[in-house]
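Colleague: Got a structure here, written out as structure tokens. Questions coming.
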Amino acid sequence: MNDADLKQNVRGLFTSQKLAVLATSGEDQPYCSLMAFAVTDDLKHVIVATKRQTHKYANIQQHPGVSLLVDNRKNQVDDFQQAVAVTILARAAEPDPPEHEQFLNLYLFKHPYMRSFCQSPDCALLKLTVERYLVVAAFRNFLASEDDYLEVRELRP
């Protein structure tokens, strides 16, 4: 599979999935959160929203490096052969005022039911600037004791 096909498959996954797991770093341990997300067409940014009074927001203020996991699992046995997971390594920050509206519109286009949450004064819209994607597929033999049971591809936006 070439990079163009890989990008198309990643875009398809991002379109089909509404939720992802965001991992942030705290003082002494990681912290994971289930998040609604949207991705720009060029795959350079991921948009999420959170309240400013959360652990994840405090963690991002201290350590802006985050990862986001998006996958298509169905919690079925065939996931071991067919599931695809994409880990996004990124830097998180609130968008600059000129781009805030553009990113908010993108987010609300995918998640219109989040409008009142996003319009709350304590809501922070976060722009994750993607550094790279790690795409994992083809769990060939999940009982293997070697590291050759995954197909991992790296993709840069």
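Colleague: Please find, among 78, 42, the residue that is within 18 Å of residue 134 (Cα to Cα) and of a type in the set (Asp, Glu).
Modeller: When all the criteria are applied, what remains is 42.
Colleague: I've got another one for you. For region 31-61, name all the residues that are farther than 22 Å from residue 14 by Cα and out of contact with any strand residue (DSSP E or B) (no Cβ under 8 Å at 6 or more places or on another chain).
Modeller: Of everything in region 31-61, those that are farther than 22 Å from residue 14 by Cα and out of contact with any strand residue (DSSP E or B) (no Cβ under 8 Å at 6 or more places or on another chain) turn out to be 53, 58, 61.
Colleague: I would also like to ask the following. If residue 71 meets every condition in (1) in contact with a Lys or Arg (Cβ under 8 Å, 6 or more places away or on another chain); (2) modelled with pLDDT of 95 or more; (3) among the acidic types (Asp, Glu) apart from one, which number is that one?
Modeller: (1)
Colleague: So, one more: Does residue 18 meet the test of being touching a Pro at 6+ places or on another chain (Cβ under 7 Å), surrounded by fewer than 18 Cβ atoms within 10 Å (Cβ to Cβ) and touching a residue at least 60 places away in the same chain (Cβ under 8 Å)?
Modeller: The answer is no for residue 18.
Colleague: Can you pull out the residues in region 31-43 that are on the phi < 0 side of the Ramachandran plot and either surrounded by 12 or more Cβ atoms within 10 Å (Cβ to Cβ) or in contact with a His (Cβ under 8 Å, 6 or more places away or on another chain) (or both)?
Modeller: 31, 32, 33, 35, 36, 37, 38, 39, 40
Colleague: Which of the residues spanning region 21-58 are closer than 26 Å to residue 122 by Cβ, touching a residue at least 40 places away in the same chain (Cβ under 8 Å) and among the charged types (D, E, K, R)?
Modeller: Scanning region 21-58 gives 51, 52.
Colleague: Could you list all residues from region 1-15 that are of a type outside the set (D, E, K, R) and either crowded, with 16+ Cβ neighbours inside 10 Å or not in a loop (DSSP other than H, G, I, E, B) (or both)?
Modeller: Within region 1-15, 4, 6, 8, 9, 10, 12, 13, 14, 15 qualify.
The values are calculated or read from the model by the stated rules, or taken from the named source; none is laboratory data. Keep in mind the model is a prediction, meaning the values are calculated, not measured. Reconstructed Cβ throughout: ideal geometry from the backbone, glycine too, with neighbour counts over all protein chains shown.
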